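Where a number appears in this text, it was derived from the coordinates with a stated rule and is not lab data. Bear in mind that the values here come from a model prediction, so they are computed numbers and not experimental data. Cβ placement follows ideal geometry from the backbone for every residue including glycine, while neighbour counts extend to all protein chains displayed.
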Amino acid sequence: MRIAILGSGNVATFFGLQFKKNDHTIVQVISSTSKHAEHLATLLDADFATDINQLTQDADVYLFAVSDDVLLTFTKTIALPNKLIIHTAGSIQLSELGSISENSACIWPLYSIQKNNLPDSNTVPLIINASNGNCLQQVIQLANAISSNHFFLNEKQKSMAHLAAVFANNFTNHLYTLSENLLHREQIPFELILPLIEHTTQKLHQTPPHQNQTGPAIRHDEVTMQKHLALLQNDEQMSAIYKLLSNSIQKKSIV
């Protein structure tokens, strides 16, 4: 297929390289940043442009790998009737793109992709949905170039998967940052707790998370919890987070 890519970031790079590797032709890369557009276009042997008004009209597929807010602005500026358009956003619904084309689809990688450390596994989970059956067959063909790990979700399911990913990945990473800050206060290297983090993650392959919960909160170890709060007495925000999460763990354990 002949593919035009709007975007030049992490997902655009990953998808573009996988498409090229699997004999699809990237005809154009569009990005507002000239340097990024040219760099990705060079990798993909494609033309590039920075002006959306220069978007080619002769591609088979248009991949929108841009931020949610930019994607929504395109609904007011781009019309590609009868063309297959594919977005890669977890929180955008197909109905929101109806003004661009009636043939719309989503390939959303439920994975934290970084173009400087692209995944080499064929198991990256891809959430797929499409506005009609004809689109779906083409989308599956393209998705196969990226990964064999497909999940077909409706819009409500996809929205819930996105919310779950925020809890599991974004919020968890922030908690790692808070842990790092605590350790650095006492000149303790973050590497100390990496084996614990890795072991906790590995256990999820065998046991559901609610069965893996440990710590003073689930044991109702009030003595230890009060000692922890004493260490946080000068940090109101961290104390509030500690209390909120501990309370959530205790409530969940009795449901």
**Study point:** trypsin sites (Lys or Arg not before Pro) restricted to DSSP loop in the range 28-95 with at most 13 other C-beta within 10 Å
**Key:** K76
Review point. Is the range 1-60 best put as rounded, prolate or oblate by its Cα gyration tensor, with a ≥ b ≥ c the root eigenvalues, rounded for a/c under 1.5, and otherwise prolate when a/b is larger than b/c, oblate when not?
Key: oblate
Review point. Relative contact order (percent) for the range 35-118, with alpha-carbon contacts under 8 angstrom and 6 or more residues of separation?
Key: 23
Point to revise | Long-range HN-HN contacts of V66 with modeled amide H, under 5 Å | key: T88
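Would you calculate, for the chain, the mean residue ellipticity at 222 nm contributed by helices, counting each DSSP H stretch of 4 or more residues as -39,500 (n - 2.57) and dividing by all residues, to the nearest 500? Each step should come with its number before you reach the end.
Values: 10 runs with 109 residues, N = 255.
One gets -13000 deg cm²/dmol as the mean residue ellipticity at 222 nm.
What list do you get for Y62, Y242 if you sort them by fewest beta carbons within 10 Å?
Working: Y62 25, Y242 18.
The fewest-first ordering by Cβ neighbours comes to Y242, Y62.
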Practice item. Compare the Cα positions of A217, A230, L192 along the charge dipole of the range 158-253 (+1 at Cβ of Lys, Arg; -1 at Cβ of Asp, Glu; about the Cα centre) and return the one farthest towards the positive end. Key: A217
Point to revise | Global geometry of the range 145-250, whether rounded, prolate or oblate, following the gyration tensor of its Cα atoms and the 1.5 cut on a/c | key: prolate
Practice item. Convert each backbone phi in the range 61-75 into a coupling constant with the Karplus relation 6.51 cos²θ - 1.76 cosθ + 1.60 (shift: θ = phi - 60°), then list the ³J(HN,Hα) values in order as whole Hz, x for Gly and Pro. Key: 9, 10, 9, 9, 10, 10, 5, 4, 5, 5, 4, 5, 5, 5, 5
Review point. Which percent, nearest 5, of DSSP beta bridges in the chain are antiparallel?
Key: 20
Exercise for review: Give the distance, in whole Å, between the Cα centre of the range 224-248 and the Cα centre of the range 62-121.
Suggested key: 41
Revision key, fill the gap. Assertion target for E155, E198, ordered by fewest C-beta neighbours within 10 angstrom first, is E198, E155
Point to revise | Rounded if a/c under 1.5, otherwise prolate or oblate - the range 2-153, Cα gyration tensor axes | key: rounded
Check your understanding: In the chain, what is the count of Lys pairs whose alpha carbons are under 18 Å apart, counting only pairs at least 8 residues apart or on separate chains?
Key -> 6
Revision key, fill the gap. For L84, other-chain or 5+-apart residues with amide H closer than 5 Å (H placed, Pro excluded) are Y62
